[in-house]
Amino acid sequence: MNKILKNILIAIEKKGYEAYIIGGYVRDSLIGKSSYDIDICTNATPKELINIFPNASTKNLGGISFKIKEYNIEITTYREEIKYQNRKPIEYNYVNNLITDLKRRDFTINTICMNKRGEIIDLLNGIEDLNNLCIRLIGDPSVKLVEDPLRIMRAIRFATILNFTIEENLLASLTKYSHLILDLSSTRIKEELTSILISPNVKYGLNLLETTGILKLLDISYDNLVPIKNIEGMYAQITIGYKLPFTKVEKTNINAIKNILNEKEITNYTIYKYGLYLSKIAGAILDIPQSYINKLYKNLPIKELKDINITPKEIVSILNIDYSKKISQILSELEFFIISGKIKNKKSDLIKYIEQNKARWIHE
């Protein structure tokens, strides 16, 4: 048990309350993974918790949160949820019983608890499912999945990242209620889909999404997908009709990677046009050595337009014309030929090329 986490549990117990670490941290520690998002459950109320941790932030659903070093701590009060609306429990009661709180949660592997001594408390057979590499829902799927459809995506996400199977009855229920994911916000769908796509087990995750009908619901298709660690590179390999809330930068990068993949090669001009970062992402998908891409970039005669060894003012003087869009067109042509190696980026060579094409440019 980490000393920081132990001291948090001790601080709560000193005031006469129970406290256990629960969920992802415990699950991950049992399978040898590190985790820094810490969930703690207790029979102390939010008001009592804020007295113990006065610098914490209060949470909407009965609890507090704060950060210590690398750990993000969330502490919630035992409760039973009575009524849901739009995924949110709008009616719930605080309780003084750990097992009641555990039964409201989603999957058995997320109900394993740890006390201040590092001892494991497993009241819903989560360790058995962990050992059997199985995702099992707590309670009736027709109730649990309907009250919070995010559990549908979470089941597939956990199965993917942990490389676990989904219990047979749960898998059937995920398929039956899959349409409910369309009630989720596009942001939440993107978050879950992103976790699936970035996993080394992405192909397994996509198979689960297909089996449950979710690929069809989101209008997702793909072909010859190559798993890589970059999420923009993963989104570039799929076609998705459902509108996800990508940022402007994400859209630009994804489209650029798609363009490079369509070209099926990486040249000097590819790297110049799209940059080293995006070229290397596409290169990983195309199985082009990163060392080769780095060498191409290093040997580029110019890295950007301003590196061309002639100014717009000099072009105007040579052609004896006024400033116009034509100057930009000429610079773009010079840029292409320099990158392609057809012209050297020497002022004398550039002047010579401009003079040779003077008649063409003046009369265009």
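Some notes on this structure:
- Check: the chain dipole with +1 on Lys, Arg Cβ and -1 on Asp, Glu Cβ, in debye: 1240
- Modelled FRET efficiency - R0 45 Å, Gln85 with Leu286, Cβ distances, 0.05 increments: 0.40
- Gyration tensor over alpha-carbon atoms, segment 305-363, equivalent ellipsoid semi-axes in Å: 17, 12, 11
- DSSP H segments from the chain that extend 20 Å or more along their own axis, Cα-based, with Kyte-Doolittle mean of 0.0 or above: 325-340
- Scoring 250-260, 352-362 by mean Cβ neighbours within 10 Å over their residues and listing the highest first yields 250-260, 352-362.
- Separation between Cα centres of segment 18-48 and segment 232-256, rounded to whole Å: 34
- Residues Ile288, Ile338, sorted so that the one with the fewest Cβ neighbours within 10 Å comes first: Ile288, Ile338
- Inter-label distance for Asp140 and Ile99, nm, one decimal - labels placed 7 Å from Cα along Cα-to-Cβ: 2.0
- The Rg/Rh ratio for segment 133-218 is 0.92, where Rg is the radius of gyration of the alpha carbons and Rh is the Kirkwood radius.
- Gain upon complete extension [Tyr92, Asn207; 0.36 nm per residue less C-alpha separation]: 37.8 nm
- Distance-filtered residues of segment 61-75 - backbone nitrogen under 13 Å, label point 7 angstrom along Ser35 Cα→Cβ: 72-74
- Modelled spin-label separation between Asp349 and Glu263, with each label point placed 7 Å from Cα along the Cα-to-Cβ direction: 2.0 nm.
- Label-reachable residues, segment 177-220, where backbone N falls under 13 Å from a point 7 Å from Thr239's Cα toward its Cβ: 219-220
- Counted over the chain, the DSSP beta bridges are approximately 75% antiparallel.
- When restricted to Cα atoms, segment 249-298 yields an Rg and a Dmax of 9.7, 28 Å, respectively.
- Between Asp223 and Glu119, the modelled labels are 6.0 nm apart [label points 7 Å from Cα along Cα→Cβ].
- Mean residue ellipticity (222 nm) of the chain, computed from DSSP H runs ≥ 4 via -39,500 (n - 2.57), nearest 500: -14500 deg cm²/dmol
- Estimated FRET transfer efficiency when R0 is 25 angstrom, pair Glu48-Asp28 (beta carbons, to 0.05): 0.30
- Positive-end ranking of Ile254, Ser279, Thr194 along the dipole of the chain, with charges on Cβ about the Cα centre, is headed by Ser279.
- The three principal axes of the C-alpha atoms in the chain carry coordinate ranges of 89, 45, 37 Å, sorted with the longest axis first.
All of the numbers you see were taken from the coordinates with simple rules; none came from a lab. It should be emphasised that the depicted structure is a prediction, and the values quoted were computed from it without experimental measurement. No Cβ is skipped: glycine too gets one built from the backbone with ideal geometry, and neighbour counts run over all protein chains shown.
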